[in-house]
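Single-structure report; data block below.
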Amino acid sequence: MALFARLLRNFVFDTAAPRVRWSRCVSRNTSTFNVCVVGSGPAGFYTAYKLLKDNPDVKVDIYEKLPVPFGLVRYGVAPDHPDVKNVINQFTELAHSGRCTFVGNISIGTQLTVDDLKHYYNAIVMAYGAKEERKLGIPGEDLPGVYSARAFVGWYNGLPEEKNLHPDLSGERAVIFGQGNVAVDVARILLTPVELLKNTDICAHALNTLAQSKIRRVDIVGRRGPLQVAFTIKELRELTKLPGCFPSLDPSDFDGIQPKLSGKVPRPRKRITELMINAANKEIINTEGLKEWTLTFLRSPVELLSSTDGTVSSVKLEKNRIEDRNGVPCAIGTGEMETRDCDVVFCSIGYKGVPVDNSVPFDSDKGIIPNKDGRVLNNEGEHIPGLYCSGWVKRGPTGVIVNTMNDAFATAHLILMDFNDGKLPVAEYSGEATKKLLPSIKGLDPITFSQWEKIDHLEQQRGNELGKPREKVISVEEMVTVATTE
Ligand SMILES: Cc1cc2nc3c(=O)[nH]c(=O)nc-3n(C[C@H](O)[C@H](O)[C@H](O)COP(=O)(O)OP(=O)(O)OC[C@H]3O[C@@H](n4cnc5c(N)ncnc54)[C@H](O)[C@@H]3O)c2cc1C
Ligand SMILES: NC(=O)c1ccc[n+]([C@@H]2O[C@H](COP(=O)([O-])OP(=O)(O)OC[C@H]3O[C@@H](n4cnc5c(N)ncnc54)[C@H](OP(=O)(O)O)[C@@H]3O)[C@@H](O)[C@H]2O)c1
């Protein structure tokens, strides 16, 4: 990330740097080329960064539906992983560069449409992420006591729409479906001693609920086997080292796995499997008073069952075996069922992208905008001039911030190529969005970056009083009040 800052200095601020002048200009009124980015997560900011770095004549406006920026860096990344959030410093630097304008509290598709934006921008980049969760589609999924990991993560991170989730953690046994990094985040937050969380930016309401939590055992259930887990070694190692907690893995789950590790298995897969085997074979002398976590393999949930009070009380699982299908190890149900008691369930089987604007094509099966390398395609498979996508809405909800950065850079590179080739459409009022478009949106309060910084300042001040980095404002109304009060 030092590289990011260096590049930004060199290319964005260094006025002595050689300037590239394009022979063709797309805009009727101005030599500048204007891009609108929809979404202020890593995909949005990194697309803007690459555009600004590689062309000194570009200006970028980033529209965000919330009054606050940074997407999942603020509302997804776990509170006990503060280093990951350092990317915010680079995004802030970009927002201060004078060529990148943050337009918060404006939802594209509802308050403004992509057709509205086309009058003002030569290129529009959809970078709005994946806001929903994938569903299991089984009976009982909507029972009280069953939560999506997405909602739970949003709740402890202060996402306004999840502030009233009130998860019931009064029972001892939690089951998490899915074996990805989000599942591990949820398990770790449930099991970490509250004293270790209270100095993070986790929200006060979550800290209070976790302090009362009775959860003692967390079972992370995967439909495939140990060789197919989706979480990564750093995250698993953190779980194995949690104070006051032990891994309760069944060594027999790993029978026959060791010999398979000697072949062509990639090194990261080999190392994570060895870590699981070591954890399973580790002798724990005294488990009294300790909380525990476990991994269950080769089980698919088929039904969630309730007790007489209507809340979830058990889960029916089908045992699976692994079968190779075209080189992919697939989970195949055996028909054999088992039932396990539980008090609370978290479904962590991935996020899901949704359409936000009728005029932008959407592939509902894949949950992405149909595209070729970031150029949005119409039903005939042709590029819609001036329309692009980036990040999770481009490639689906997988990958860490670095993957999203590379993906955003690739999209920005294509936009610059299309600009260079004279393929970007002319926009009637290019460069005049903040003068003409935004003032015309009656009843809305676009929030600027400096207004967000007032919210940021207040959050840090409140956090300071509590001995934590920040205490987030969790209601949109309060955010707007703070931002707009002189
Ligand atoms: C729980 C969780 C934890 C994670 N932890 C890590 C981690 O520790 N390290 C790591 O490297 N990666 C982590 N990741 C992955 C990382 O967060 C993603 O790679 C990245 O955030 C994807 O970026 P994005 O910009 O595509 O989407 P997002 O970050 O979701 O950003 C999309 C933005 O678009 C906005 N938006 C949505 N709809 C509209 C609209 N209609 N109009 C305007 N704006 C809109 C949203 O409010 C949001 O701000 C985590 C992911 C999750 C889910
Ligand atoms: N600390 C970090 O770096 C961090 C933290 C959080 C998230 N992230 C990243 O964010 C991305 C999203 O993470 P994620 O955990 O939401 O997704 P993920 O990595 O795709 O994991 C999803 C899990 O759900 C399972 N699953 C999917 N459909 C299922 C079904 N119908 N029934 C049962 N199980 C099902 C998958 O199993 P199959 O493999 O069998 O499909 C997989 O185990 C990932 O790239 C992740 O690395 C990173």
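Just checking, which of Val182, Val186 is open to solvent by less than 20 Å² (accessible area, probe 1.4 Å) and of a type in the set (Val, Ile, Thr)? Can you show your working first?
On the way: Val182 fails: open to solvent by less than 20 Å² (accessible area, probe 1.4 Å).
Of Val182, Val186, the one residue that is open to solvent by less than 20 Å² (accessible area, probe 1.4 Å) and of a type in the set (Val, Ile, Thr) is Val186.
Among the numbered conditions (1) small (Gly, Ala, Ser); (2) under 25 Å from Asp456 (Cβ atoms); (3) surrounded by fewer than 18 Cβ atoms within 10 Å (Cβ to Cβ), tell me where Ser40 comes up short.
Failing condition for Ser40: (3).
Can you pull out every residue in the stretch 43-67 that is open to solvent by 10 Å² or more (accessible area, probe 1.4 Å) and in a loop (DSSP other than H, G, I, E, B)?
Once the filter is applied, which keeps residues that are open to solvent by 10 Å² or more (accessible area, probe 1.4 Å) and in a loop (DSSP other than H, G, I, E, B), the stretch 43-67 yields Pro56, Asp57, Glu64, Lys65, Leu66.
Look at Ile455 and say whether it is among the hydrophobic types (A, V, I, L, M, F, W, C) and in a helix (DSSP H, G or I).
Details: among the hydrophobic types (A, V, I, L, M, F, W, C): yes; in a helix (DSSP H, G or I): yes.
Yes, satisfied.
Would you mind telling me which numbered condition in (1) under 20 Å from Gln179 (Cα atoms); (2) out of contact with any Pro (no Cβ under 6 Å at 6 or more places or on another chain); (3) surrounded by 13 or more Cβ atoms within 10 Å (Cβ to Cβ) Tyr351 fails?
If we test Tyr351 against (1) under 20 Å from Gln179 (Cα atoms); (2) out of contact with any Pro (no Cβ under 6 Å at 6 or more places or on another chain); (3) surrounded by 13 or more Cβ atoms within 10 Å (Cβ to Cβ), just (2) comes out false.
Select from the stretch 401-421 the residues that are open to solvent by less than 40 Å² (accessible area, probe 1.4 Å), more than 16 Å from ligand 2 (Cβ to nearest atom) and either out of contact with any Leu (no Cβ under 8 Å at 6 or more places or on another chain) or not assigned by TED's automatic domain parsing to the domain that holds Leu117 (or both) and list them in ascending order.
Residues of the stretch 401-421 that are open to solvent by less than 40 Å² (accessible area, probe 1.4 Å), as a first pass: 401, 404-405, 407-408, 411-412, 414-416, 418-419.
Imposing the further condition that a residue be more than 16 Å from ligand 2 (Cβ to nearest atom) reduces the set to 411-412, 414-416, 418-419.
If the condition is that a residue be open to solvent by less than 40 Å² (accessible area, probe 1.4 Å), more than 16 Å from ligand 2 (Cβ to nearest atom) and either out of contact with any Leu (no Cβ under 8 Å at 6 or more places or on another chain) or not assigned by TED's automatic domain parsing to the domain that holds Leu117 (or both), then Thr411, Leu414, Phe419 are the ones that fit.
Please work out which residue is most open to solvent (accessible area, probe 1.4 Å), limiting yourself to the stretch 89-113 and to residues that are within 12 Å of ligand 1 (Cβ to nearest atom) and out of contact with any strand residue (DSSP E or B) (no Cβ under 7 Å at 6 or more places or on another chain). Steps first, answer last, please.
Of the residues in the stretch 89-113, the ones within 12 Å of ligand 1 (Cβ to nearest atom) are 91, 102-113.
When the remaining residues are screened for being out of contact with any strand residue (DSSP E or B) (no Cβ under 7 Å at 6 or more places or on another chain), the result is 91, 107, 109-113.
Values: Phe91: 0, Ser107: 28, Gly109: 25, Thr110: 106, Gln111: 71, Leu112: 7, Thr113: 47 Å².
So the residue we want is Thr110.
Restricting to the stretch 379-414, give me the number of residues that are assigned to a loop (DSSP other than H, G, I, E, B) and more than 25 Å from Asn34 (Cβ to Cβ). Steps first, please.
Looking only at the stretch 379-414, we keep the residues that are assigned to a loop (DSSP other than H, G, I, E, B), and these are 379-382, 390-391, 396-400.
With the extra rule that they be more than 25 Å from Asn34 (Cβ to Cβ), the set shrinks to 379-381, 396-400.
Qualifying residue count for the region: 8.
Checking Trp452 against (1) open to solvent by 40 Å² or more (accessible area, probe 1.4 Å); (2) closer than 30 Å to Gly154 by Cβ, which single condition isn't satisfied?
(1)
For the stretch 128-149, which positions are closer than 19 Å to Leu304 by Cβ and touching a helix residue (DSSP H, G or I) at 6+ places or on another chain (Cβ under 8 Å)? Show your work before the answer.
At the first step, the residues of the stretch 128-149 found to be closer than 19 Å to Leu304 by Cβ are 133-149.
Hits for the stretch 128-149 are Glu133, Ala149.
Counting just the residues of the stretch 312-329 that are without any contact (Cβ under 8 Å) to a residue 24 or more places away in the chain and under 12 Å from Arg223 (Cβ atoms), which one comes out most open to solvent (accessible area, probe 1.4 Å)?
Arg321
Could you give me the residue pairs with C-beta distances under 8 Å whose first residue belongs to the stretch 199-211 and is within 15 Å of Arg188 (Cβ to Cβ) and crowded, with 19+ Cβ neighbours inside 10 Å, whose second residue is among the acidic types (Asp, Glu) and modelled with pLDDT of 95 or more wherever it lies, and which are 6+ apart or on separate chains?
Thr200/Asp80; Ile202/Asp80
Any chance you could count how many residues in the stretch 363-395 are touching a residue at least 24 places away in the same chain (Cβ under 8 Å), within 16 Å of ligand 2 (Cβ to nearest atom) and open to solvent by 10 Å² or more (accessible area, probe 1.4 Å)?
Looking only at that region, the number is 5.
Listed residues Val315, Val376; which is closer than 30 Å to Arg237 by Cβ, in contact with a Leu (Cβ under 6 Å, 6 or more places away or on another chain) and not in a loop (DSSP other than H, G, I, E, B)? Working first, answer last.
Numbers: Val376 fails: closer than 30 Å to Arg237 by Cβ.
Result of the check over Val315, Val376: Val315.
Only one of these conditions is not met by Ser248: (1) more than 23 Å from Lys319 (Cα to Cα); (2) open to solvent by 30 Å² or more (accessible area, probe 1.4 Å). Which number is it?
All conditions pass for Ser248, except number (1).
Kindly provide the set of residues from the stretch 422-441 that are among the hydroxyl-bearing types (Ser, Thr, Tyr) and surrounded by fewer than 21 Cβ atoms within 10 Å (Cβ to Cβ), ordered by number. Show your work before the answer.
In the first step, residues of the stretch 422-441 are kept if they are among the hydroxyl-bearing types (Ser, Thr, Tyr); the result is 429-430, 434, 440.
Hits for the stretch 422-441 are Tyr429, Thr434, Ser440.
The values are calculated or read from the model by the stated rules, or taken from the named source; none is laboratory data. What you are looking at is a predicted structure, and each value in this text was computed from that prediction instead of being measured. Cβ sites come from the backbone with ideal geometry, for glycine too, and all protein chains shown count toward neighbours. SASA here: full protein model, heavy atoms, side chains in, ligands and nucleic acids out. Shrake-Rupley method; radii C 1.70, N 1.55, O 1.52, S 1.80 Å.
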